[in-house]
Amino acid sequence: MSDILQHTEAGVMTLTLNRVDKKNSLTVAMYAALADALEQAAEDIAVRAVVLQGHAAVFSAGNDIGDFLNNPPTTSTSPVHRFLQAISGFPKPLVAAVCGPAVGVGTTMLFHCDLVYAGDNAAFSMPFVNLGLCPEAASSLLVPQMMGYHRAAEALLLGEPFMAEAALEVGLVNRIVPPTEANGVAQTQARKLAAKPLGSLVQTKRLMKMGQAAAVRQQMAEEGAQFARMLTEPAAREAFSAFMEKRRPDFSAQ
Ligand code: COA
């Protein structure tokens with residue numbers, strides 16, 4: 001079965017992360033499938049809203065760390081960048097259901113979703129520094145903006161996880177629900193959106209986002225350049241090797 005399930009019904013395209021044995025960590029192929037689906041959804045008049053969901057026990061463990069080692073994204077046309085561009089510029093409503101761990105891009109992609117419903121087991125984290133990396137997906141702009149600088153520093157410098165209640169308090173999440181209900185709630189909300197006039201939805205989203213669309217693009221370009229450089233440097237190589245070898249990283253030389 002595919003690692004990304006795609007299904008369209010009642011005007012709603014549902015994309016399900018489906019690599020649960022690897023905690024829905026995202027491979028190059030999964031980014032490409034997500035980018036293809038979002039590009040198709042943007043164009044297809046039969047799609048009026050998109051739901052992005054995982055499993056009741058896990059949303060996503062972020063980028064596949066084996067791919068970081070063996071297939072690092074080097075160009076702006078690599079699948080991860082195509083996905084980030086597709087989600088950050090997606091013109092129609094995007095609804096997420098998030099349960100369990102949401103690590104790295106599993107959290108940062110939510111800053112580009114319009115509505116987010118979280119299971120009470122949701123645990124968000126952006127441990128880029130702990131991996132010798134820097135933020136991506138314009139999170140270095142959007143996280144401080146949403147959370148305030150000092151909470152953002154806990155999340156991005158210390159890499160500390162935060163739970164569903166904290167995400168609700170800062171406004172990253174719309175509502176907390178039982179994990180088994182999250183996907184259903186997201187689907188209900190997406191179908192409500194799909195019943196509204198598409199032109200009004202698209203225009204309203206565009207107007208809400210246009211004030212900082214250029215800043216988001218610029219931040220993503222700068223993050224992307226730094227991220228690509230840092231992926232090949234010793235701190236990140238040590239972090240990835242440590243993860244693969246199931247040991248603590250040793251940054252004493254970095
Ligand atoms: N990349 C590749 N494989 C991953 C992965 C990732 N990001 N996250 C988890 N996996 C794999 C594990 O290696 C393990 O594989 P195995 O069964 O072959 O040993 C499997 O998924 C289950 O993961 P495990 O760590 O045993 O699950 P857990 O429930 O104890 O912990 C997480 C879940 C998400 C907290 C933990 O897996 C984790 O921290 N993952 C790394 C997250 C990360 O740093 N992502 C990059 C962000 S930029």
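With the requirement that a residue be free of Cβ contacts under 8 Å to residues at least 40 places away in the same chain and of a type in the set (A, V, I, L, M), what does the range 214-254 give you? Once the filter is applied, which keeps residues that are free of Cβ contacts under 8 Å to residues at least 40 places away in the same chain and of a type in the set (A, V, I, L, M), the range 214-254 yields 214, 225, 242, 253.
Of the listed requirements (1) within 11 Å of the chain's Cα centre (by Cα); (2) in a helix (DSSP H, G or I), residue 124 misses just one: (2).
Number of residues in the range 81-112 that are within 13 Å of residue 216 (Cβ to Cβ), in contact with a strand residue (DSSP E or B) (Cβ under 8 Å, 6 or more places away or on another chain) and β-branched (Val, Ile, Thr): the value is 1. In the range 207-239, the residue that is most open to solvent (accessible area, probe 1.4 Å) out of those that are more than 20 Å from the chain's Cα centre (by Cα) and basic (Lys, Arg) is 229. Considering the range 9-98, the qualifying helices (runs of 4 or more DSSP H), each wholly inside and each with 2 or more residues that are open to solvent by less than 10 Å² (accessible area, probe 1.4 Å) and farther than 23 Å from residue 134 by Cβ, run over 28-43.
The values are calculated or read from the model by the stated rules, or taken from the named source; none is laboratory data. All values reported here derive from a predicted model rather than from experimental measurement. Methodologically, a virtual Cβ is constructed for each residue, glycine included, from the backbone with ideal geometry; neighbour enumeration extends over all protein chains shown. Each accessible area value is taken on the protein alone, full model and side chains, heavy atoms only, with ligands, DNA and RNA left out. Shrake-Rupley method; radii C 1.70, N 1.55, O 1.52, S 1.80 Å.
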